[in-house]
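The values are calculated or read from the model by the stated rules, or taken from the named source; none is laboratory data. Because the structure is a prediction, the values reported are computed rather than measured. No Cβ is skipped: glycine too gets one built from the backbone with ideal geometry, and neighbour counts run over all protein chains shown. Heads up: the accessible areas ignore ligands, DNA and RNA and are worked out on the full protein's heavy atoms, side chains in. Shrake-Rupley method; radii C 1.70, N 1.55, O 1.52, S 1.80 Å.
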Amino acid sequence: MPHTPILLATGNRDKQAEFRRLLDGLPFTPVTPVDAGLSGVPDEEGDTHEAIARDKAAQWSKAASMLAIASDGGLVVPALGPRWESRYTHRFAGPAASNDERLRRLLELMRPCHDEERRASWVEALAIAHSGRILASWELSGGTGYLDEQPPAGPLPEFWVFSVWRFPQFGATYSQLTDVQRESIDDHWGRLRRLVRRFLTSIYVRSDNT
């Protein structure tokens, strides 16, 4: 059975790993931007995470002339009000900031917040496109945890926010959760996995039968 190439439209290795989990067992061959000889990152413009994900998927798929999967997500922190916008989670500290600088700045913003004020959730949007044309997109919110007051020891993952987004019922940050624990909090990636697999399977079956 031939496998269809699909571009994992991100340079973030942690996100590439999540995309691979979405596609695991399906007849698609994951291709990274490096594999495809692509460089540069599309501008993240849009009024919603879904709009940004759709734009990224369209641009990457057009550049690669193949199927592409892209996403955009962000941290939702109600207590920060207008001082925080989830769409700018990766960029709020400046385009050249390191993950350590981003985390330090977020914890500074959260310093006056305590207990329930430290509640935070995550929103993730994902889009699939082919040669510049959007085929499908979704935007989902995940579980609710609490932001730690101190940074973790050691190097940060590329999904740096997840290292301080804690779920007290498990005594663990999001980065440390098992698959079973993720499922129990109605995890955004778990729900996206079901949607993406259903959609891609339907496309593959239709194309395979023509």
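Accessible surface for W138 stands near 50 Å², nearest 10, in the context of the full protein assembly shown (1.4 Å probe). Scanning the chain for DSSP H helices at least 18 Å long along the axis (C-alpha atoms) with a Kyte-Doolittle mean no lower than -1.0 picks out 49-64, 188-208. Taken one residue at a time, the phi angles of region 144-156 give Karplus couplings (6.51, -1.76, 1.60, θ = phi - 60°) of 10, x, 9, 7, 4, 8, 10, x, x, 7, x, x, 8 Hz. Gly and Pro are set to x. Annotation: amide H of A120 within the under-5 Å range of G145, Y146, L147, sequence separation 5 or more or interchain, hydrogens built in the peptide plane.
Show me the three semi-axes of the equivalent ellipsoid for region 87-128, from the C-alpha gyration tensor (sqrt of 5 times each eigenvalue), largest first, rounded to whole Å.
On the way: eigenvalues 90, 61, 8 Å².
Working from the Cα gyration tensor, I get semi-axes of 21, 18, 6 Å.
Highest GNM mean-square fluctuation among I69, I185, I128, for the chain modelled with Cα contacts below 10 Å: I185. Taking label positions 7 Å along the Cα-Cβ direction at both H114 and A153, the computed distance is 2.7 nm, reported to one decimal.
Within region 1-64, which GluC sites (Glu not before Pro) sit in a loop by DSSP and count at most 14 neighbouring Cβ atoms inside 10 Å?
On the way: sites: E18, E44, E45, E50; in loops: E44, E45.
For GluC sites (Glu not before Pro) across region 1-64 that sit outside H, G, I, E and B with at most 14 neighbouring Cβ atoms in 10 Å, the list reads E45.
Spin-label pair D47-D14: with each label point 7 Å from Cα along the Cα-Cβ axis, the two points sit 3.0 nm from one another. Residues whose amide H falls under 5 Å from that of F28, counting only those 5 or more places apart or on a different chain, are T4, with hydrogens built in the peptide plane.
Counting Lys and Arg as +1 and Asp and Glu as -1, each charge on the Cβ, what is the dipole of the chain about the Cα centre in debye, to the nearest 20?
Details: 25 positive and 28 negative charges, 92 e Å.
Roughly 440 debye, rounded to the nearest 20.
Centroid-to-centroid, using Cα positions, region 5-22 and region 121-136 are 13 Å apart. Here V180 sits with roughly 120 square angstrom of accessible surface, probe radius 1.4 Å.
So for the chain: antiparallel DSSP bridges make up what percent, rounded to the nearest 5? Working shown, then result.
Values: 25 of 32 bridges.
So the antiparallel bridges in the chain amount to around 80 percent.
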